[in-house]
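Working notes, beginning with the structure itself.
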Amino acid sequence: MLKKFTLLYVEDNEATIDAFIGAFQEYFKTIFVARNGEEGLALFETSRPDIVLTDLQMPKMGGLEMIARMREISPNLPIIINSAFSDTHLLLKSITLHVDDYILKPTDPHLLLQAFEKVARVLNLEKSLVRSHTMMQTIIDEIPDPIMYIELDFSVSMMNKAAKKLGGEDVNALLPKCYKISDNTSGACAEGSHLCPIEHVSKTKKPSTQRHVHTDKKGKKHHIDVAARPIFDADGIVIAYLEIRHDISNYLDIQNKLLHKTKKLTHISMHDSLTHLPNRRLLADRIDHAIERKTRSGGEFAIFFIDLDHFKEVNDTLGHLIGDQLLIQVAKRIRTMTRKGDTIARNGGDEFVLLIDDGVSKSHFTTVAEKILKLFETPFLIQGNEILSACSIGISIFPQDGQTVESLLHHADVAMYTSKEAGRQQFTFFLPTAAV
């Protein structure tokens, strides 16, 4: 246990020195010998021994003065006194100098060996702790997020490179405060966008995460997740906190972009690319929701199946581009008369479907149909062409004309063909006798 340590032995009696060397030389890596306090101090400064064993009464400089000088240089140096003097004054002075042990002469070799081994165990533990600390420091330095080991008074006793970079000049202070390093504030975060997770941990003894918002020197906002957890001793008492800060700004940016793209793709999948009206998929969803609401609360709603009259002639004579523009303008006109709860959708080709979700009577639906027909009385002006168009309308009403999306659309379609057969440019309510 002692073989890897060096010892400085300070003693002015040659016979005592010879006896000690003979008994203990094999235990230590090296034994440096000084014959007074002055020599001992000089040897200490040049050889830096691991342990010091010293007498008290010596010429030139006594043991206590030498120890006091050594303590100024190395406060934690293990020092053992081996002296024949045992008066109270010397013992008290030794205590104030934090001497590790006091062995009286004549020296019991076994007692002295026990003192050496006790000191060696402490030194081994300290070196083990230093190795553990170094290893831990090496590990956490590789982590890109700032990490701090925070004492109960908010002072930081250990941090990684990322935290040091975050703290700037403040990390050079002795045990700097965590809030000074992370937030550059004079006190613990407590309000607004900087709630202190450690305050919460100290009260609950459970991990806590708070989101902070910081603005850097360039004016850019950073969203930081600050996670803290308690460190317990063997008795379950909180002795410190571990805090990790993770900048999630890039993640949130990516998340927002993905959300925007998802919304855009969802909109595209639910809308007609030409008129930008809801398509059949979204229409079916709206009708399905209307069925659920009216089934619970009672009441009616209507489906208007609108088909342009002689639309094929427009495409054949003026071209498909003009036909597309006509569909766009028809969609705009119908949209002008719809209300917030209504849905106007393109069913495909020259077919449109209008969902009137808050109708109160058949007469109300009749009024709506008449307004739609009236929209077509004004010609459409497209690229210098004045186009007079018209439409045929079929109407089905929930619940009497159907209680599913498919049946309501089918029956409105059947009623629309009845309008076509009756001469076009009119509307027809579905009749069960007309069902195919």
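The values are calculated or read from the model by the stated rules, or taken from the named source; none is laboratory data. Nothing here was measured: the structure is a model prediction, and the numbers come from that model. Because the Cβ atoms are built from the backbone with ideal geometry, glycine has one as well, and the counts that use them run over all protein chains shown.
Worth pointing out:
- Scan of region 52-74 for residues that are part of a loop (DSSP other than H, G, I, E, B) and basic (Lys, Arg), ordered by number: 60
Every residue, every condition in (1) part of a helix (DSSP H, G or I); (2) at pLDDT 95 or above; (3) more than 49 Å from the chain's Cα centre (by Cα), yes or no:
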residue: 250; (1), (2), (3): yes, no, no
residue: 254; (1), (2), (3): yes, no, no
residue: 258; (1), (2), (3): yes, no, no
residue: 261; (1), (2), (3): yes, no, no
residue: 283; (1), (2), (3): yes, yes, no
residue: 293; (1), (2), (3): yes, no, no
residue: 303; (1), (2), (3): no, yes, no
residue: 308; (1), (2), (3): no, yes, yes
residue: 316; (1), (2), (3): yes, no, yes
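- Scanning region 69-91 for residues that are at pLDDT below 85, aliphatic (A, V, I, L, M) and more than 19 Å from residue 12 (Cβ to Cβ) yields one hit, 91.
- Residue match in region 91-101 (condition: without any contact (Cβ under 8 Å) to a residue 60 or more places away in the chain, closer than 25 Å to residue 25 by Cα and either touching a Ser or Thr at 6+ places or on another chain (Cβ under 9 Å) or assigned to a loop (DSSP other than H, G, I, E, B) (or both)): yes
- With respect to (1) buried (at least 20 other Cβ atoms within 10 Å of the Cβ); (2) part of a loop (DSSP other than H, G, I, E, B); (3) under 49 Å from the mean Cα position of the chain (by Cα), the lone exception for residue 345 is condition (2).
- Within this structure, residue 54 passes the test of being hydroxyl-bearing (Ser, Thr, Tyr) and touching a residue at least 40 places away in the same chain (Cβ under 8 Å).
- Output for region 75-90, where each listed residue is farther than 22 Å from residue 43 by Cβ and either hydrophobic (A, V, I, L, M, F, W, C) or part of a helix (DSSP H, G or I) (or both): 84, 85, 88, 89, 90
- Residue within region 34-47 that is assigned by TED's automatic domain parsing to the domain that holds residue 125, outside any helix (DSSP H, G or I) and aliphatic (A, V, I, L, M) present: yes
- Some residue of region 389-402 being surrounded by 14 or more Cβ atoms within 10 Å (Cβ to Cβ), on the phi > 0 side of the Ramachandran plot and not in a helix (DSSP H, G or I): yes
- Which listed residue, of 427, 376, 365, 352, is in contact with a strand residue (DSSP E or B) (Cβ under 8 Å, 6 or more places away or on another chain), within 28 Å of residue 267 (Cβ to Cβ) and surrounded by 14 or more Cβ atoms within 10 Å (Cβ to Cβ): 352
- Among residues of region 207-230, those that are in contact (Cβ under 8 Å) with a residue 12 or more places away in the chain and more than 17 Å from residue 252 (Cα to Cα), counted: 6
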